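Student: Below are the structure tokens for one structure; questions will follow.
The values are calculated or read from the model by the stated rules, or taken from the named source; none is laboratory data. The structure presented is a predicted model; accordingly, all values stated were derived computationally and were not measured. Glycine also receives a Cβ, built like all others from the backbone with ideal geometry; neighbour counts cover every protein chain displayed.
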Amino acid sequence: MKPQAIARTRDNATPLRLFWLTTLSMILILSTSLMAAAQGLPSSFAELAERISPSVVNITTSTTVAGRTGPQGIVPEGSPFEDFFREFQDRNGNGEGERPRKSSALGSGFVISEDGYVVTNNHVIEGADEIQIEFFEGFELPATLVGTDPNTDIALLKVDAEEPLKFVNFGDSNVARVGDWVVAMGNPLGQGFSVSAGIVSARNRALSGTYDDYIQTDAAINRGNSGGPLFNMNGEVIGVNTAILSPNGGSIGIGFSMASNVVKRVVNQLKEFGETRRGWLGVRIQDVTDDVAEAMGLANTAGALVTDVPEGPAMESGMQSGDVILSFDGNDVADTRGLVRQVGNTEVGKTVRVIVNRAGKTETLRITLGRREEVESAVPASQVQPEDEEEPAEVVLLGLTLAPLSTEMRDQMQLPESIKGLAVTAVDETSEAFEKGLRTGDVITEAGQSAVLSVSDLQDRIDEAEEAGRKSLLLLVRRGGDPRFVALSLHSE
């Protein structure tokens, strides 16, 4: 009886246990959903995609490519097979200069106003003869080019539509955090409208441009996505998909979108002027490294070290080589990249306060910015000290074989008369100087932020640094027309 009673009890308990298991599962599912909602995890991107898709466009460009006049690219020039392939082309009607042909390319973009302004990448439309825009609803319109900015790889197009177009707004890329959800849209690999989702993987990435400020994302970006938008979860554009990092040309989850706060400024200038107008300070700069900071007696490595001051706004306001720019227009300067971006984002013609560290003291300069686009090349600053021709032929210091820069040397090195200093005639390959890139043909124009015209000048600077208890000496080295500061240890020979 007991076994049977136990069996019946178990049988009667089964529905109750299933009830509690089912209830518990539902509670777990509900709690998981609530936790996901609390953490901002979307259950679906469908609603967002449906809302913003009509603003995203496919871009097709057409370019006329000149025909070839021979078998170039098929066989090497001068090859014994060259005549054979030329005869083959002649028999097929291609020998007397191939006719120009049309080359097409695909990309993406997005509409930013109801009157038809479209943003894309410069490389999508560069060199195009015709630009055709395909909209999400299926209709197509020709586009005209308003302006481009190769520095940020941004282009602005315009279409004329009979009806107001659906558009999206820019968001604030500065508030995007690593780990935030993002959605990329575009025309990957020419397959048409496509949506991919991921997160912000990193911020403030720099690739190769002066004004780079990329958002890195693992949202799938492939060829054809170029120029398409990167959205936040509010449907705002926080980036323009520009590049991928890949060994095979396909997405491996490392994509880069130019930050919207950069793009907005560029687009506004292109819309107003048809070109960009960036501020120009007129200095050559380099980062302050640990050894440079020690050699200059600086407390930290913040700021941008001025290596040269050509004719321009900074020179007119009293900026000097060796100044360390600490603040620009009320904002601290962290490094050279930060300063370049701050200056470029400032209005041309604006007078700004620039605080510099000069020989251990701070000075404030007021500088009226010029326009960077008008500057084709910088002119090296003049050195006006007289040249000393009484120096010994050569001397070895700090691992460098040095000689006063004579007229004959200047002619051989094709240096202007304005360059004065010590010529590097040899470098010990085991020395710190060699490790830091000094080479034969370089010219040392300053040491310890003072001009050096002779070997005795350099020795005096070394003695002064040692008496001050410094471990290294800061040299201003010119190679061609390009100056840079190098700090060498005083015990280096």
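Student: Would you please list the contacts, defined by Cβ atoms under 8 Å and residues six or more apart or on different chains, that run from a residue in region 338-366 that is without any contact (Cβ under 8 Å) to a residue 12 or more places away in the chain and farther than 22 Å from N261 by Cβ to a residue that is charged (D, E, K, R) and part of a strand (DSSP E or B)?
Tutor: Pairs that qualify, where the first residue is without any contact (Cβ under 8 Å) to a residue 12 or more places away in the chain and farther than 22 Å from N261 by Cβ and the partner is charged (D, E, K, R) and part of a strand (DSSP E or B), are T364/R353.
Student: So is T152 under 22 Å from the mean Cα position of the chain (by Cα), outside the structural domain of I252 (by TED's automatic domain parsing) and outside any loop (DSSP other than H, G, I, E, B) or not?
Tutor: Judged against the criteria, T152 is not a match.
Student: Can you tell me which residues in region 438-485 are among the acidic types (D, E) and surrounded by 14 or more Cβ atoms within 10 Å (Cβ to Cβ)?
Tutor: D442, E446, D457, D460, E464
Student: Next question, about the same structure. If I ask for residues that are closer than 15 Å to T440 by Cα and within 36 Å of the chain's Cα centre (by Cα), which ones from region 400-420 would you list?
Tutor: L400, M413, Q414, L415
Student: Could you please let me know if D323 is assigned by TED's automatic domain parsing to the domain that holds G360 and either buried (at least 18 other Cβ atoms within 10 Å of the Cβ) or within 25 Å of G147 (Cβ to Cβ) (or both)?
Tutor: Yes.
Student: Among (1) within 28 Å of the chain's Cα centre (by Cα); (2) surrounded by fewer than 12 Cβ atoms within 10 Å (Cβ to Cβ); (3) more than 30 Å from N204 (Cα to Cα); (4) in contact (Cβ under 8 Å) with a residue 24 or more places away in the chain, there is one condition A128 misses while meeting the rest; what is its number?
Tutor: The one condition A128 does not meet is (2).
Student: Look through V168, V182, V195 and report the one residue that is outside the structural domain of V118 (by TED's automatic domain parsing), touching a Ser or Thr at 6+ places or on another chain (Cβ under 6 Å), under 14 Å from V57 (Cα atoms) and aliphatic (A, V, I, L, M).
Tutor: Sole residue among the options that is outside the structural domain of V118 (by TED's automatic domain parsing), touching a Ser or Thr at 6+ places or on another chain (Cβ under 6 Å), under 14 Å from V57 (Cα atoms) and aliphatic (A, V, I, L, M): V168.
Student: Could you check, for region 172-181, whether at least one of its residues is at pLDDT 90 or above and hydroxyl-bearing (S, T, Y)?
Tutor: There is at least one residue in region 172-181 that is at pLDDT 90 or above and hydroxyl-bearing (S, T, Y).
Student: Going through G282, G255, G344 one at a time, which residue ends up being touching a Lys or Arg at 6+ places or on another chain (Cβ under 8 Å), of a type outside the set (F, W, Y) and crowded, with 18+ Cβ neighbours inside 10 Å?
Tutor: Unique residue meeting the criteria: G344.
Student: Could you give me the residue pairs with C-beta distances under 9 Å whose first residue belongs to region 162-178 and is under 12 Å from F231 (Cβ atoms), whose second residue is in a loop (DSSP other than H, G, I, E, B) and hydrophobic (A, V, I, L, M, F, W, C) wherever it lies, and which are 6+ apart or on separate chains?
Tutor: V168/I112; N169/I112; F170/I112
Student: Let me ask something else about it. List the strands (runs of 3 or more DSSP E) inside region 237-340, counting only whole elements, that have at least 2 residues being under 30 Å from R51 (Cα atoms).
Tutor: Here the list reads 237-244, 255-259.
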